[in-house]
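The values are calculated or read from the model by the stated rules, or taken from the named source; none is laboratory data. Just so we're clear, the structure is a prediction, and the values are computed from it rather than from any experiment. Ligands, DNA and RNA are excluded from the accessible area calculation, which covers all protein heavy atoms including side chains. Shrake-Rupley method; radii C 1.70, N 1.55, O 1.52, S 1.80 Å.
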Amino acid sequence: YLFSLLQKQEVCGNLTLQHHMLEPVQRIPRYELLLKDYLKKLPEESPDRKDAEKSLELISTAANHSNAAIRKMEKMHKLLEVYERLGGEEDIVNPANELIKEGHIQKLSAKNGTAQDRYLFL
């Protein structure tokens with residue numbers, strides 16, 4: 001309720017909290033692209049060259065770290081969805097666990113070879 005009141009204020013531009021939280025995350029790739037473009041146009045003998053290359057290295061490291069953190073968060077979100085679908089199986093929710101794959105499979109019976117539909121979480 002509080003967030004909806006805040007986002008209705010003129011200073012927020014009627015944008016949601018999620019939109020405002022995306023801005024800082026989107027800046028890192030923009031800076032990386034800007035620095036790459038700057039380095040393409042910067043002469044090799046420029047006194048700024050070394051600092052620009054170091055800046056690109058740092059921002060690239062930050063971008064990789066940010067992307068890895070986002071992927072980890074998305075994987076945890078998927079794991080929580082599985083947790084809910086399975087009715088709250090407690091030992092699934094563990095930071096060390098990871099959802100690798102899910103989908104339909106055919107289980108073949110060892111007795112008579114008949115196929116049975118199953119849904120597998122790996």
Subject >> Å² per residue, accessible surface of segment 41-122 at 1.4 Å >> reply: 83
Subject >> Nearby lysines by direct alpha-carbon distance to K41 (threshold 18 angstrom, same-chain neighbours under 8 apart not counted) >> reply: K50, K54
Subject >> Straight-distance crosslink candidates among lysines, where the alpha carbon sits under 19 Å from K72 and sequence neighbours closer than 8 are dropped >> reply: K101
